[in-house]
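The values are calculated or read from the model by the stated rules, or taken from the named source; none is laboratory data. What you see is a predicted model, and the numbers here were worked out from it, not measured in a lab. Methodologically, a virtual Cβ is constructed for each residue, glycine included, from the backbone with ideal geometry; neighbour enumeration extends over all protein chains shown. Calculation scope for accessible area: heavy atoms of the full protein, side chains included, ligands and nucleic acids excluded. Shrake-Rupley method; radii C 1.70, N 1.55, O 1.52, S 1.80 Å.
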Amino acid sequence: MSAPEGGPGRFEVDRLTVTFGGVRALSEVSTVVPPGELVAVVGPNGAGKSTLLNAVSGLVRRQSSGAIRYGGKALHTMPAARRAVLGIGRSFQHPPLVERLTVLDNVLAGGFGGRDYGVLAQLARWGKVARSERAREEQARSYLDFLGLSELAGAPAQGIAYGQRKLVDIARALMGRPTLLLLDEPTSGLGRAEHAAMADVLRRLMERGGITILMVEHHMDLVRETATRVLGLQAGQVIADGPAREVLDSAEFRASLVGATATPPATRGETAQ
Ligand code: ADP
Ligand code: MG
């Protein structure tokens, strides 16, 4: 499987505020992510982590002020479709697969920008890429292979395990050849063995290169194993932002993680919830 064409750009969030009615989900959030980093977005439930991903992918747009830039382009004014064309892909905490379709067809559905991006993105991507059906299928199979799912290609999505659904959703996102990949809780609902498999997938994605990953993740052992940077959010505000080790080992950050306060750094199984 080859890395995406063109490299990732610099990703920048500048005083992003998102409000839902009276709720301030994000409040003046700023961060800069150099290309090729794996940023773990961590923080308690309700901190605004998913909202940040939604603001980047374009699912949340009108409720926000501030700026989001990728590769020098202002994203926050763009519809989700155009962001997909610029190389932004995402997976979902609860993968929205089409149950009656096969795993392969679900992955192929992502080739035009993904179901969440709508018809415009599909057309835009179709016009831009215009790969033959066969080449697209080969591509989809190569992602399934990369994620260890080859044997499930012909299986209906409804029959597969939850951990496999998460991986199929990532394969679907990869079909858009993202250079900025947004992952919302890739290990939520998974068992220990599946955590290891996900960590391996993340490592291999980073090794393959050409990608920046922004990952919401509660499991601190996975964060410690895979992230190069950590962005800590609490009540919609940035409470930590820096190289992963530095942030994870800082007493201040650790004290802010509810449930992790009494856990020494090397302990496995700590979470940010
Ligand atoms: P996290 O992913 O960190 O758990 P979220 O980003 O989902 O947090 O939510 C942050 C805050 O914004 C919460 O108070 C949540 O209830 C609120 N929120 C998120 N999405 C919506 C929405 N679509 N409508 C109203 N409130 C929302
Ligand atoms: Mg969330």
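Before moving on, here are some points about what is shown:
- The residues of region 39-84 present an accessible area of 37 Å² per residue when probed at 1.4 Å with all protein chains retained.
- Packing, as the average of other Cβ atoms within 10 Å across residues, places the peptides 220-229, 171-180 in the order 171-180, 220-229, highest first.
- In the full protein context, region 189-252 carries 40 Å² of accessible surface per residue, based on a 1.4 Å probe and ignoring ligands, DNA and RNA.
- Heavy atoms of Glu133: accessible area, 1.4 Å probe, square angstrom to 10: 110 Å²
- Each peptide in 246-252, 97-103 gets a packing score, the mean of other Cβ atoms within 10 Å over its residues, and the list from highest to lowest is 97-103, 246-252.
- Reported to the nearest whole Å, the Cα centre-to-centre distance from region 76-98 to region 143-166 is 21.
- Modelled FRET efficiency - R0 41 Å, Arg15 with Arg100, Cβ distances, 0.05 increments: 0.40
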